[in-house]
Amino acid sequence: MCQLLGMNCNVPTDIVFSFTGFAMRGGQTDTHHDGWGIAFFEGAGVRHFVDHQAAVASPIAELIKRYPIKSTNVIAHIRKATQGQVMLENCHPFVRELWGQYWVFAHNGDLKEFDPLLNGAFRPVGTTDSERAFCYILQQLRARFGDQRPPLDELRSMLSSLVHEIATHGTFNMMLSSGGELFAHCSTNLFYLVRQHPFETAKLSDEDVSVDFAQVTTPNDRVAIIVTQPLTTNEQWTAFLPGELKLFIDGCPQ
């Protein structure tokens, strides 16, 4: 299956260190070679990069590793295709507009017999179960709440119902963000950690790279990293419970 990477923080931060290790799983240290993508929120806008090439060989991935784009919410994905051909339109993350905001979504898993009626503004461009699930979520949110974004607790409750409904069709590890928060749902495998003061040195598991975060942060910085499998060998990662939906705001799990 695919792999997910998310970042949520209280100040704009680059994801170069985590993405460097994550990208190695796209064809070198793992077999996820059917495309990749990443989306960065910057204010109300989104920088969105996808490529049907393996991340380990993609010139665009090399750009991301060398270009420290700073963001408070990032979602990345490397693909091992289960449904849909290896084509650009099937690469995650997917982006749509709802309530005057961009929403970014990525999924790891395989949904069987999931073919909901999509009769509104949200339709898939590609042929993946993942994009169908994203369109269904946004359609149901729009049907439930209309033209105005609801309070966060109501949104979280509705999303909890939707992800558990979708997960009855198979594995549904996913990440979803509108730029002010990051939702993450676990069916099988998701882990997270929070980096905050006092910062220490972290060492990647997929690449011989270390970073002393004390040298590149301030005492007020806080960064949550969410990933399918832990990226570092010397940090304490916390596993999600199966069926758990977590909300991250300003680098804190809620």
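Here, each number is a calculation from the coordinates, and none is a lab measurement. Quick caveat: nothing in here was measured; it's all calculated off a predicted structure. We place every Cβ from the backbone using ideal geometry, glycine too, and count neighbours over all the protein chains shown.
Taking loop as defined by DSSP and a crowding limit of 15 other beta carbons within 10 Å, which GluC sites (Glu not before Pro) in the stretch 88-140 fit?
GLU113
Step through the table entries LYS65/LYS203; LYS65/LYS112; LYS70/LYS112, compare each Cα-Cα distance with 28 Å, and write down the pairs that go over it. Before the final figure, lay out the partial values.
On the way: LYS65/LYS203 16 Å; LYS65/LYS112 35 Å; LYS70/LYS112 37 Å.
The answer is LYS65/LYS112; LYS70/LYS112.
Among residues other than LEU247 whose Cβ falls under 14 Å from its Cβ, what is the net charge (Lys/Arg +1, Asp/Glu -1)?
-3
How large is the dipole of the stretch 117-247 about the Cα centre if only Lys and Arg carry +1 and Asp and Glu carry -1, each at its Cβ, rounded to the nearest 20 debye?
That gives the stretch 117-247 a dipole magnitude of about 500 debye.
Whole-Hz ³J(HN,Hα) for each residue in the stretch 129-145, computed from phi via Karplus 6.51 cos²θ - 1.76 cosθ + 1.60 with θ = phi - 60°, x for glycine and proline: what do you get?
Values, residue by residue: 5, 5, 5, 4, 5, 4, 4, 5, 4, 5, 4, 5, 5, 5, 5, 6, 10 Hz.
Where in the stretch 133-179 are there chymotrypsin sites (Phe, Trp or Tyr not before Pro) that are in a DSSP coil and have at most 12 other Cβ atoms within 10 angstrom of their Cβ?
Sites meeting the loop and neighbour criteria: none at all.
At a temperature of 4 °C and a viscosity of 1.567 mPa s, determine how fast the stretch 165-254 diffuses translationally according to Stokes-Einstein, using the Kirkwood radius over alpha-carbon pairs as Rh; express D in µm²/s, rounded to the nearest whole number.
Working: Rh = 14.3 Å.
Diffusion coefficient, whole number: 91 µm²/s.
For ASN220, put the label point 7 Å out on the Cα→Cβ axis and report which residues of the stretch 34-72 keep their amide N under 19 Å from it.
Residues 43, 70-72 fall inside that zone.
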